[in-house]
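The values are calculated or read from the model by the stated rules, or taken from the named source; none is laboratory data. What you see is a predicted model, and the numbers here were worked out from it, not measured in a lab. Neighbour counts are summed over all protein chains in view; Cβ atoms, including those assigned to glycine, are modelled from backbone coordinates with ideal geometry. Note: accessible area is taken over every heavy atom of the protein model, side chains too, but ligands, DNA and RNA are not part of it. Shrake-Rupley method; radii C 1.70, N 1.55, O 1.52, S 1.80 Å.
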Protein chains: 4
Amino acid sequence: MPRIDLNCDMGESFGAYRIGADDAVLPHITSANIACGFHGGDPGVMRRTVAAALRHGVAVGAHPGLPDLVGFGRRAMEITPEEAYDLVVYQVGALLGFAAAAGARLQHVKPHGALYNMAAADAALADAVAAAVRDVDRGLILFGLAGSELVAAGERAGVRTAAEAFADRAYTRDGALVSRRLAGALITDPDDAVRRALRMVLEGRVRAIDGADVPLHADTICIHGDGAHAAEFARRLRAALEDAGVEVAAVGRADAPATAPEA
Amino acid sequence: MPRIDLNCDMGESFGAYRIGADDAVLPHITSANIACGFHGGDPGVMRRTVAAALRHGVAVGAHPGLPDLVGFGRRAMEITPEEAYDLVVYQVGALLGFAAAAGARLQHVKPHGALYNMAAADAALADAVAAAVRDVDRGLILFGLAGSELVAAGERAGVRTAAEAFADRAYTRDGALVSRRLAGALITDPDDAVRRALRMVLEGRVRAIDGADVPLHADTICIHGDGAHAAEFARRLRAALEDAGVEVAAVGRADAPATAPEA
Amino acid sequence: MPRIDLNCDMGESFGAYRIGADDAVLPHITSANIACGFHGGDPGVMRRTVAAALRHGVAVGAHPGLPDLVGFGRRAMEITPEEAYDLVVYQVGALLGFAAAAGARLQHVKPHGALYNMAAADAALADAVAAAVRDVDRGLILFGLAGSELVAAGERAGVRTAAEAFADRAYTRDGALVSRRLAGALITDPDDAVRRALRMVLEGRVRAIDGADVPLHADTICIHGDGAHAAEFARRLRAALEDAGVEVAAVGRADAPATAPEA
Amino acid sequence: MPRIDLNCDMGESFGAYRIGADDAVLPHITSANIACGFHGGDPGVMRRTVAAALRHGVAVGAHPGLPDLVGFGRRAMEITPEEAYDLVVYQVGALLGFAAAAGARLQHVKPHGALYNMAAADAALADAVAAAVRDVDRGLILFGLAGSELVAAGERAGVRTAAEAFADRAYTRDGALVSRRLAGALITDPDDAVRRALRMVLEGRVRAIDGADVPLHADTICIHGDGAHAAEFARRLRAALEDAGVEVAAVGRADAPATAPEA
């Protein structure tokens, strides 16, 4: 039976500022990537988001970002691999504190924004992120863009990885995301996005922006949580997957098929 | 055989900024209170400080502070108990990440600066800090001012506590610290400070600023790490204690006499 | 002809985070208090908010707060008068940069949140805030709670002051605001709030929470900008004032009646 | 009579953290680049640094940096020209506040660290920085690397510029600085550095790292303020310049030869 995880970024509110539609999205997903205070999130938001995820039976993971709150972690910064290692250990540890306090375990780590993109393309940064995840807790699963340096680094480091795909983003023939700055980068029709996600899961393929049909293996699909229709899209996507006989489950569940590191 | 722990605040450098004389002090102490990035410290400093402490066989603990880097965590803030809980969980968790990455365990938590003082005097804040420590890891030892609300809160929460005393601070008849704003608050003569520390450990007593001789139980004595003579004082104090037959050892060592919570 | 200024806190968004309904409120007010990056606001938000205020012919002022973004500047901090002076100079200067770049002048300074409340009650902090305003630009008008230490400090410092009143807050017999923690602190009925504001302006009086009728002189009335109905309330209040023959104008307009400092 | 300005970065301490040797260097320089709180500096440090510079008759300028305190503004960030404009306006304005409070005028603006390097190489960022300087105060002088995009942008924007050279850095044949990562990038012999500076000022030439002799026009020479021998080097350089008949004076002095914008 085919199986997929649905993940969403969560807990990105900060102090008096609210962002995202966490409560509306949580019923439909299986893994929550919780911001850790660098690009978004604060200690109180982290505690409440862990609690909300657990109430919905959603697996919790850390979503560490660059130290750039005003830029929401979306601006690339010239950091060293050592700095990447340190900021991932710090943020994963901080969320680990809240998970422990709630009697829960962290399932995964998914870097945020510019850190995610930098680690997808730069092997040295990717190795540093993977080492950080492994060193904090060897049982954590590293989420990275399918086919990216980050997933490869996780495999090198001996940690479980989950290949992530995006239902609402266009792909190049090489399996990379089309830059948001280019026309056609976003799949804006929800029906189309659902169809693409189904095909990724059932056939392991996606049609690239140039029309080529390319392979794409996905362990988890990312739901964007901040649009007006985020929750509705999440609900529809999950229903369509389940209707098609796909099991929607957290990647870290005992029997889940996340890629095992080579022995 | 009498026994005492010597602790010192560590890892308070930040980015390009250096503070403290950690490397010089580490050979003489048994417990390191490591800043966690709010009042001082940053992820890289935390990693390197954990490593340095472990090289010297010094037990590592978290030193969480208020979110006030420019004020070095020394300015009281009107925070709620919930906010206190959250910022302790966050910071202890972050350091836990580095300890885990280094294959070590955290021994203790000692709040910093204004948070330490606020939690010494305010039972609700103290309960929140103690609950945070317990919830992250029930095996952690909470360091607090001897006789303070924080130590009482730790006992209520069922966590081990260590009563802290200061060799270089004057005490009131009630066992409180004399405010730094008052004359005579600081014991500036190192010989005098050493004598007072010896008497605390061997006799459990200290002479208060008004001349009264009062009881004072100490599990750990704080060494200030930022003066020019910090390391030299630490060396002398430790030598004097050992010459007097006192065992100087981390409070969390298996056989150490930290106050056990009531069953 | 009676005259009043209507002011509102503005520009408190930060990075990706949106707060307030600035665009909806601006058509109805005469003075904008623009956050300066410490409790809210960021450089881009400041530039855009200055531009928006100028488009609506609204006078611009600085709204400096405590360095506590996660607490939105609402948590009291134990700062020295010197620290208060410095953080007001810094933030007013920063906004002055954007005003100069837009070819505009700053009209006023109104401290935010906990800083406003601390300076209302503590003469030394109030003197420091007033000195900062005077030292940056002697032509600035200092907004403070009517009858507070801050207004008195402005007068001592020789700066123009504007006494501020709140349509939607209850007052004590002494002219202080009833703490938000007490029942009845907020005037939740908009009709009631409008009636109270009219009476403050036309009669210089308000009914205190204990039923006493007390004098209250207001140069400017604060509109809260973050509720769902902020803009609608602002529109109604302004219409009611104008219908009653009150001129609604920025306090710093050449002919406006802000309290002049004693010669 | 040949003439040169000597500038140094100043006021980069932060809270409890001290960096630099400002007091020792100030007697020997003519222009102080004062940090504005983003990469270093805080409101209190800014006030005290302005006062110290004025006591020594040193001209004050703003030294705005990227919002990266932990990285000391040395890490490149992917910011837009609009973001560069905004953060320069903000920081120059903030320092303007302290200058106004001290009864002084700002002479110049010199971007810091990664912002300086980015604006030296990227015309769009350089235009944004130059526009910010012009918009805050058309009388400000923009300091930039001699021959860089930043100086060209200043000229396009119609602001006065000062071309900056480094006595202790190696140059390429094109007049660019040799990357610090390459061998020979730093001139470590003080005698050599003094000789090179003299030749830049008296002959307008420098020997590049490949041995070529290339033209280099300098209006101001940068003294590094954070080494152990910073003050001693500044003293020697100034003495050597004056012995050679060079007038050492702030670039913005009424009669100083900063490059005037084309009419």
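Observations on the model:
- Net +/- balance of residues flanking residue D:122 in space, Cβ distance below 15 Å, scoring K and R +1, D and E -1: -4
- The residue B:24 and residue C:205 beta-carbon pair, evaluated with R₀ = 45 Å, returns a calculated FRET efficiency of approximately 0.10.
- Of all beta-carbon atoms in chain A, the one sitting closest to the axis that brings chain A onto chain C gives A:17, 2, with the distance in whole angstrom.
- Surface accessible to a 1.4 Å probe, per residue, for the residues of the range B:99-235, Å²: 41
- Extent of chain D along its three principal axes (Cα atoms, max minus min coordinate, largest first): 42, 39, 37 Å.
- Proportion of all alpha-carbon pairs of the protein assembly as shown beyond 44 Å (%): 43
- The antiparallel fraction among DSSP beta bridges confined to the protein assembly as shown stands at about 20%.
- Shielding by partners - mean other protein chain Cβ count within 10 Å, residues of A:3-15: 2
- A straight line joining the Cα centroids of the range B:1-64 and the range D:207-231 runs 39 Å.
- Semi-axes of the equivalent ellipsoid of the range A:84-221 are 29, 16, 13 Å, computed as sqrt(5λ) over the eigenvalues of the C-alpha gyration tensor in descending order.
- Shielding by other protein chains, D:128-134, mean Cβ within 10 Å: 1
- Packing around the peptides C:205-218, B:156-169, D:84-97, C:72-85, taken as the average count of other Cβ atoms within 10 Å per residue, puts them in this order, highest first: D:84-97, B:156-169, C:72-85, C:205-218.
- The range A:1-158 - share of DSSP beta bridges that are antiparallel (%, nearest 5): 5
- Based on C-alpha pairs under 8 angstrom that are at least 6 apart in sequence, chain D has a relative contact order of 22 percent.
- Take every pair of alpha-carbon atoms less than 8 Å apart whose residues are at least six positions apart; their mean separation over the length of the range B:130-260 yields a relative contact order of 22 percent.
- Accessible area buried at the C-A interface, both sides summed, 1.4 Å probe (Å², nearest 100): 1100
- Gyration tensor over alpha-carbon atoms, the range A:1-137, equivalent ellipsoid semi-axes in Å: 23, 17, 14
- Cβ neighbours within 10 Å from other chains - mean over D:76-84: 4
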